[in-house]
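Here, each number is a calculation from the coordinates, and none is a lab measurement. Everything numeric in this text was worked out from a predicted model, so none of it was measured. Positions of Cβ are backbone-derived with ideal geometry, glycine not excepted, and every protein chain shown enters the neighbour counts.
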Amino acid sequence: MNKPELVIFDDMPDIASAELKEPQGTLNWVGMGAIHQPLLIKDGIIKEGGEIRQVQAKVDVYVDLADTHAKGIHMSRLYLILDEHCESRPLTVPGLKLLLASLLQSHKDISGRARVQFDFDYYLRRPALISEYSGWNAYPASIKGTLVDGEVVIELALGVFYSSTCPCSAALARQLIQEQFDKDFPPGSVRASEVRAWLGSDQGIVATPHSQRSLAKFLFRLDDTLVDFPIAKLVDLVEGLLKTPVQTAVKREDEQEFARLNGQNLMFIEDAGRKLKLGLADEKSISDFWVRIEHYESLHAHDAVGVFTKGVKNGYQPIP
């Protein structure tokens with residue numbers, strides 16, 4: 001059987017390589033968005049060698065168009081470089097720096113900047129509070145790398161859901177319970193067994209405080225000496241600070257413990273924000289942070305929102 005003849009396409013037109021006759025304007029970023037890309041991520045989970053996890057990412061990849069005579073960039077180069085990096089190695093902080101350098105090198109004659117962003121849901125298996133159950137929680141995440149003027153910035157965006165119970169609502173509910181107690185137990189001696197039975201009845205819990213599912217959105221600037229991405233570590237830190245993370249599979253004892261945790265950790269939006277700001281301040285893996293917390297109100301049709309940053313010089317700005 002004859003081998004197929006190799007076809008050379010050198011004579012095919014390449015419009016992107018054409019030079020403009022007269023200079024035109026520059027563009028900050030040109031590239032591709034929402035590229036579907038399976039990806040391995042090296043997570044700095046506290047165990048020997050960390051842990052490699054697979055995610056299904058959507059990727060944005062860009063360079064700038066700095067040459068006023070260039071017709072355009074070569075998008076296929078960006079795609080092929082991205083695909084090669086994702087296929088050949090797990091994503092690490094040094095690997096992301098190498099990817100950015102490769103993207104820029106591929107357009108060295110017309111570009112001076114490179115940027116890539118990976119968006120994905122990061123799944124962590126979370127144990128129930130009391131029982132032997134466990135289940136998967138999904139945390140919306142983004143890994144972002146930017147190379148500008150020789151400086152590389154590596155960022156991690158993360159979302160963590162939790163429950164928030166209103167302190168004001170809890171106080172008002174307690175007052176109604178006291179008033180109901182006064183109605184059901186006239187002044188005089190009361191036996192403890194009667195009170196205990198009353199507390200377990202519908203009359204004893206005449207009102208309950210309102211709570212809501214809430215979301216903390218983070219943008220972390222990572223320490224550039226890191227090797228792995230500290231995703232699980234930061235999730236654990238945030239959930240430990242707030243103490244009321246949303247649950248997966250639960251038995252009755254888990255639901256009861258969740259109710260106890262909510263009752264012992266009442267929080268306005270300000271309380272949640274201060275807990276997080278104080279707890280994140282000394283975390284060594286991040287050099288700066290921006291946080292937006294949202295309590296999806298069950299009392300109102302609108303939400304309660306708080307925004308804050310670490311407050312470092314020339315750092316993130318507290319823009320909602």
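For LYS183, list the lysines whose Cα falls under 30 Å from its own Cα; do not include residues on the same chain fewer than 8 positions away.
Excluding near neighbours in sequence, the set is empty.
For PHE118, what is the net charge nearby, where nearby means another residue's Cβ is under 12 Å from its Cβ and Lys, Arg count +1, Asp, Glu -1? Please list the in-between numbers first.
Values: positive: LYS58, ARG115, LYS144; negative: ASP60, ASP119, ASP121, GLU155.
Combined, the nearby Lys, Arg, Asp and Glu give -1.
Let's test this: bin the Cα-Cα distances of the stretch 175-217 at 10 Å from zero up to the farthest pair and state each bin's percent.
P(r) over the stretch 175-217, rounded to whole percents: 24, 43, 16, 11, 6, 0.
Using alpha carbons only, how many degrees (0 to 90, rounded to 10) separate the axis of helix 269-280 from the longest principal axis of the chain?
Compared with the principal axis, the helix lies near 60 degrees.
Would you mind ranking GLU84, GLU283 so that the residue whose beta carbon has the fewest other beta carbons within 10 Å leads the list?
GLU84, GLU283
Over what distance in Å are the Cα centres of the stretch 61-131 and the stretch 258-320 separated?
Result: 30 Å between the Cα centres.
Excluding VAL152 itself, what net charge comes from residues whose Cβ is under 9 Å from its Cβ, given Lys and Arg +1 and Asp and Glu -1?
Summing Lys/Arg as +1 and Asp/Glu as -1 gives -1.
Which whole number of Å³ per residue matches the convex hull of the alpha-carbon atoms in the stretch 98-158?
88
For the stretch 117-262, state what percent of all Cα-Cα pairs lands in each successive 10 Å bin, counting from 0 Å until the bin that includes the largest distance.
Per 10 Å bin, starting at zero, the Cα-Cα P(r) for the stretch 117-262 comes out as 9, 27, 24, 18, 11, 7, 3, 1 percent.
May I ask you to sort TRP136, TRP198 by Cβ crowding, counting other Cβ atoms within 10 Å and putting the fewest first?
With the fewest neighbours first, TRP136, TRP198 line up as TRP136, TRP198.
Which FRET efficiency value, to the nearest 0.05, is calculated for ASP83 and ARG174 with the Förster distance at 51 angstrom and r the Cβ-Cβ distance? All intermediate terms of the calculation are to be shown ahead of the outcome.
Numbers: r = 59 Å, r/R0 = 1.16.
Efficiency at R0 = 51 Å is approximately 0.30.
In what sequence, highest mean first, do 241-252, 296-307 appear when ranked by Cβ atoms within 10 angstrom?
Order by mean packing, descending: 241-252, 296-307.
Take GLU255, project a point 7 Å from its Cα along the Cβ direction, then tell me which residues of the stretch 121-151 have their backbone nitrogen under 19 Å from it.
127-136
At a Cα cut-off below 27 Å, give the lysines reachable from LYS42, other chains included and same-chain residues fewer than 8 away excluded.
In chain and number order, the partners are LYS58, LYS97, LYS144, LYS217, LYS233, LYS243, LYS277, LYS284, LYS310.
Can you give the calculated 222 nm mean residue ellipticity of the chain, where each DSSP H run of n ≥ 4 adds -39,500 (n - 2.57) and the sum is split over every residue, rounded to the nearest 500 deg cm²/dmol?
Computed ellipticity for the chain at 222 nm equals -9000 deg cm²/dmol.
Tell me, what does the Kirkwood hydrodynamic radius of the stretch 207-318 come to in angstroms if you use every pair of distinct C-alpha atoms? Walk me through the intermediate numbers first.
Working: mean 1/r = 0.0642 Å⁻¹.
Averaging 1/r across every pair of different Cα atoms and inverting gives 15.6 Å.
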